[in-house]
1. Within the range 79-93, restricting attention to residues that are without any contact (Cβ under 8 Å) to a residue 40 or more places away in the chain and within 21 Å of SER198 (Cα to Cα), which residue is surrounded by the most Cβ atoms within 10 Å (Cβ to Cβ)?
2. Does LEU16 count as surrounded by 15 or more Cβ atoms within 10 Å (Cβ to Cβ), more than 19 Å from the chain's Cα centre (by Cα), in contact (Cβ under 8 Å) with a residue 60 or more places away in the chain and assigned to a helix (DSSP H, G or I)?
3. State whether one or more residues within the range 46-58 are more than 19 Å from PHE177 (Cβ to Cβ) and modelled with pLDDT of 95 or more.
4. Suppose we filter TYR43, TYR35 for residues that are more than 19 Å from the chain's Cα centre (by Cα), modelled with pLDDT of 95 or more and within 25 Å of ASP162 (Cβ to Cβ); which single one remains?
5. Quick test for you: out of PHE53, PHE69, PHE47, pick the one residue that is part of a loop (DSSP other than H, G, I, E, B) and touching a Phe, Trp or Tyr at 6+ places or on another chain (Cβ under 7 Å).
6. Working only within the range 107-118, note down all residues that are surrounded by 14 or more Cβ atoms within 10 Å (Cβ to Cβ) and either assigned to a helix (DSSP H, G or I) or within 19 Å of the chain's Cα centre (by Cα) (or both).
7. Scanning for something in a helix (DSSP H, G or I) and either at pLDDT 95 or above or in contact with a strand residue (DSSP E or B) (Cβ under 8 Å, 6 or more places away or on another chain) (or both), does the range 132-143 turn up at least one residue?
8. Of GLU130, GLU115, which residue is closer than 26 Å to TYR35 by Cβ and free of Cβ contacts under 8 Å to residues at least 60 places away in the same chain?
Amino acid sequence: MSTPASQPQPLSIEQLNAIFTPLTFRERLELLYRYFPEKQVLYTSSFGTKSVFLLHLISQIRPSQTVHFIDTTYHFPETIAYRDTVAEELGLRIVNVRPREEENNLTRQDQWWKEHPKMCCSINKVVPLEPIISRHKVWISGLMAYQTTFRSHLRVFEQQGDIIKFHPLIDIDEGEFLYHMEYYKLPRHPLEAEGFGSIGCVHCTAKGAGREGRWQGQNKTECGLHPTFFNRKKSL
């Protein structure tokens, strides 16, 4: 296998997938930083019910890696408290990313989550992250294929506009996830015990297994943060 130092040109998505796909999720994360320096790596976390799995791995493999948390201003208080607890326990470096105040206030005043949930997500999640994405080459994501139909089609590496998306956990199953959580005694999101399988903003989250409680009654299963960038063409 070629080493990063021997590569005169950046590897293609196909080449990266050929190298990384046969590896375990831990091996993938360890190898990532041989191909991409830390300053080029973006990592975001929602601190939802599944987030601590990857946060724990990052804290072990690359404790200096910054974790960006998108604070939409609509999170459950329990999520903010959970973020702080996990950050302290794992020694994480958290950077909070917030939407522009005037635009965020507009979504609140007109309650955009009712009639315009896609636009609400765009203003409060996608747009605030865009300038940060532009400064990085690869974006670590904790998406797992078993969670949704959209995620089931993803590979370890995917090109999303001008950034490469890295999914080290994409092919693990729920049993492996639960084993890791139990073996390392990782803290669970407090709302999970109340029946919330997936947790996002207050107005668009209800109780339900898996992602059943997200955007109930809407033709929507993703916030747009992940699919949006797939729909953009890479800059020439």
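The values are calculated or read from the model by the stated rules, or taken from the named source; none is laboratory data. Everything numeric in this text was worked out from a predicted model, so none of it was measured. Cβ atoms come from the backbone with ideal geometry, glycine included; neighbour counts cover every protein chain shown.
1. ARG83
2. yes
3. no
4. Values: TYR43 fails: more than 19 Å from the chain's Cα centre (by Cα).
Going through TYR43, TYR35 in turn, the sole match is TYR35.
5. Only one candidate qualifies: PHE47.
6. Result: THR107, ARG108, TRP112, TRP113, PRO117, LYS118.
7. Yes: the range 132-143 contains one or more residues that are in a helix (DSSP H, G or I) and either at pLDDT 95 or above or in contact with a strand residue (DSSP E or B) (Cβ under 8 Å, 6 or more places away or on another chain) (or both).
8. Working: GLU115 fails: closer than 26 Å to TYR35 by Cβ.
Only one candidate passes the filter, namely GLU130.
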